[in-house]
């Protein structure tokens, strides 16, 4: 029954996030908001909505390890699992902007996040506010200094009716709320039944599930031979998970780490995988991530999961 609850919760989260993104993009275009702003804010926020809702709900219900493990696991999954699968299907080129801005921002935000938590085992409201402020600074910098390099055609609206937009916003938001309720209860119950920690369930099952939207979008882009796909998309998702999801969650409910393995292993894995992406870009083929790198990343993810359950 727990597996059914987790599966249903993930389905509701994925569909809710998908509908919310469609409605938000369509509404933004109707309001004549530039696509560059939509891409950097509305789309990024919507694709991270499952992680955000799950983390907030878990923290409020007294399961901080679920909230933290969800983000740590999602960030590892985005780079090792999702990116690994994507570049196994088709190699992708890496723009120079990757090592000038995208990767440094991701790694810096991850380090700041780690420093905040590791010093006292708590991500406080003040620290959460700092993370959110850093996100806004990053978005403003992208808008004014990097705007010309972003593909304006990458965001399109598939709906135009105001009633449909309103309906999708309401239904999408409801699905996110209901999905988070069902998923967290199922995950906590499963952890209790199996006699394992909430950390293991959150990092292995919940985090992969909340990363499915990124995986689906990336694979569809590859199949459709869309050139807009880049490493920066997944890098940006990780930045948003740290600065927005953890920042907003801790503003609402400070996060107290209960399982020290999150600090001693999972944080270090997130930092290690993030750090490894930079040399992989130059290791075999300069400015390109191909199938060899994909195998390395997927093998790393397998080790990451095995070190938790063995």
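All of the numbers you see were taken from the coordinates with simple rules; none came from a lab. Note that the structure is a prediction, hence the values are computed from the model and not measured. Quick reminder, even Gly has a Cβ in these numbers, built from the backbone with ideal geometry, and neighbours come from all protein chains shown.
Here the simple spin-label model places points 7 Å from the Cα toward Cβ, and for residue 194 and residue 310 these points are separated by 1.7 nm. Note on 114, 3: ascending count of other Cβ atoms within 10 Å places them as 3, 114, the fewest first. Subtracting the Cα-Cα distance of residue 60 and residue 302 from their residue separation scaled by 0.36 nm leaves 84.0 nm.
Exposure proxy ranking for 182, 206, 196, based on other Cβ atoms within 10 angstrom of each Cβ and starting from the fewest, stands as 196, 182, 206.
Note on residue 164 and residue 278: their simple-model spin labels are 4.6 nm apart, each label 7 Å out from Cα toward Cβ. Residues 68, 101, ranked from the fewest to the most other C-beta atoms within 10 Å, line up as 101, 68. One decimal place: the segment residue 111-residue 11 gains 32.8 nm when fully extended, by the rule 0.36 nm per residue minus the C-alpha distance. Per-peptide packing, taken as the mean over residues of other Cβ atoms within 10 Å, places 53-65, 284-296 in the sequence 53-65, 284-296 from highest down.
Placing a pseudo-label 7 Å from each Cα along the Cα-to-Cβ vector at residue 120 and residue 144 gives an inter-label distance of 3.3 nm. Need one word for the stretch 233-282: rounded, prolate or oblate. Basis is the Cα gyration tensor (sqrt eigenvalues a ≥ b ≥ c); a/c below 1.5 gives rounded, then a/b vs b/c decides. Oblate, since a/c reaches 1.5 and b/c is not below a/b.
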